[in-house]
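Engineer: Below: one structure in structure tokens.
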Amino acid sequence: MKDSTKETQSAGLLALVKARSSVRSFKPDKVERAKLEYILEVARLAPSAVNFQPWCFVVVREPERLKALYECYPRDWFAKAPVCIVVCGDHGASWKRASDNKDFCDVDVAIATEHLVLAATEQGLGACWVCNFDAARCKEIIGLPESWEPVVLLPLGYPTDGAATERKRKPFNDVVKWENF
């Protein structure tokens with residue numbers, strides 16, 4: 001019997017997803033504005049619940065503001081990224097499911113962030129999701145309005161050689177169930 005997964009794979013998206021990794025070592029090179037605009041456009045086009053698009057992307061490139069963001073997540077590798085995109089969500093503008101009032105803001109922001117990461121990978125850039133940071137301080141640094149929340153810090157730049165981290169993944173049959181659990 002043929003492996004239908006391998007049979008239907010194409011080089012495009014699967015290759016891009018396999019190339020993506022969490023990068024924690026960046027070259028000091030500046031990231032071109034055209035590349036930033038491209039990846040931000042990809043994120044802007046991400047799907048969201050009921051198309052509410054409760055997100056905003058704050059691009060931080062100024063050295064002093066990057067240094068201030070370092071206070072929110074004081075890791076040496078983070079301080080070396082030439083760009084940080086703060087992905088923000090507005091819970092007041094997100095869709096809530098009627099049956100249980102589940103707020104989909106974080107889901108929508110996560111989808112947009114992954115679009116950012118994949119587009120960055122496509123452009124030869126590296127990134128790493130950072131969610132464990134001082135959100136209140138970050139909000140103050142970037143001047144977010146009251147209803148907005150910084151959800152993800154996304155340090156971004158050209159990865160150094162060998163910067164990609166090993167990605168261990170569970171086997172396909174451990175995470176995919178057909179028809180029921």
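Engineer: Taking only segment 66-81 into account, find how many residues are touching a Phe, Trp or Tyr at 6+ places or on another chain (Cβ under 6 Å) and surrounded by fewer than 17 Cβ atoms within 10 Å (Cβ to Cβ). Break it down stepwise before answering.
Structural biologist: Taking segment 66-81 as the starting set, the residues that turn out to be touching a Phe, Trp or Tyr at 6+ places or on another chain (Cβ under 6 Å) are 72-73, 79-81.
In the following step, the residues that additionally are surrounded by fewer than 17 Cβ atoms within 10 Å (Cβ to Cβ) were identified as 79.
Here the count works out to 1.
Engineer: Just to be sure I understand the filter: pairs with C-beta atoms under 9 Å, separated by 6 or more residues or on different chains, first member in segment 149-162 and closer than 15 Å to Ala19 by Cα and buried (at least 23 other Cβ atoms within 10 Å of the Cβ), second member at pLDDT below 95 and not small (Gly, Ala, Ser). Which pairs pass?
Structural biologist: Short answer, once both residue conditions are applied: none.
Engineer: Sticking with this one: Test of understanding: among Lys102, Lys139, which residue is of a type outside the set (Asp, Glu), farther than 23 Å from Lys18 by Cβ, surrounded by fewer than 21 Cβ atoms within 10 Å (Cβ to Cβ) and within 18 Å of the chain's Cα centre (by Cα)?
Structural biologist: Lys139
Engineer: While we're on this one: For the structure I just gave you, tell me whether Leu36 is within 14 Å of the chain's Cα centre (by Cα) and closer than 24 Å to Ala136 by Cβ. Spell out the reasoning first.
Structural biologist: Numbers: within 14 Å of the chain's Cα centre (by Cα): yes; closer than 24 Å to Ala136 by Cβ: no.
No; evaluated as a whole, the condition is false for this residue.
Engineer: Then there is this: Pairs, please: C-beta under 8 Å, at least 6 apart or cross-chain, first residue over 21 Å from Thr113 (Cα atoms) and at pLDDT 95 or above and in segment 61-89, second surrounded by fewer than 21 Cβ atoms within 10 Å (Cβ to Cβ) and of a type in the set (Gly, Ala, Ser)?
Structural biologist: Taking only residues 6 or more apart or on different chains, the pairs are Lys67/Ala79.
Engineer: Something else about it: With respect to Cys84, determine if the residue is in contact with an Asp or Glu (Cβ under 8 Å, 6 or more places away or on another chain) and crowded, with 16+ Cβ neighbours inside 10 Å.
Structural biologist: Spelling it out, it is not the case that Cys84 is in contact with an Asp or Glu (Cβ under 8 Å, 6 or more places away or on another chain) and crowded, with 16+ Cβ neighbours inside 10 Å.
Engineer: Which condition number does Asp108 fail, the rest of (1) open to solvent by 30 Å² or more (accessible area, probe 1.4 Å); (2) at pLDDT 95 or above being met?
Structural biologist: Asp108 satisfies every listed condition except (1).
Engineer: Do you know which of the residues in segment 97-126 that are of a type in the set (A, V, I, L, M, F, W, C) and free of Cβ contacts under 8 Å to residues at least 60 places away in the same chain is farthest from Arg24 (Cα to Cα)?
Structural biologist: Applying the first criterion (of a type in the set (A, V, I, L, M, F, W, C)) to segment 97-126 yields 98, 104-105, 107, 109-112, 116-120, 125.
Filter once more, keeping what is free of Cβ contacts under 8 Å to residues at least 60 places away in the same chain: 98, 104-105, 107, 109-110.
Values: Ala98: 40, Phe104: 29, Cys105: 27, Val107: 24, Val109: 22, Ala110: 19 Å.
Among them, the one singled out is Ala98.
To keep it simple, each residue is scored yes or no on (1) open to solvent by less than 70 Å² (accessible area, probe 1.4 Å); (2) at pLDDT 95 or above; (3) touching a Phe, Trp or Tyr at 6+ places or on another chain (Cβ under 9 Å).
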| position | (1), (2), (3) |
| --- | --- |
| Leu14 | yes, no, no |
| Arg20 | yes, no, no |
| Arg24 | no, no, yes |
| Lys35 | yes, yes, no |
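The values are calculated or read from the model by the stated rules, or taken from the named source; none is laboratory data. Worth saying up front: this structure is predicted, and the values here are computed from it rather than measured. All Cβ positions, glycine included, derive from the backbone under ideal geometry; neighbour counts span all protein chains shown. Ligands, DNA and RNA are excluded from the accessible area calculation, which covers all protein heavy atoms including side chains. Shrake-Rupley method; radii C 1.70, N 1.55, O 1.52, S 1.80 Å.
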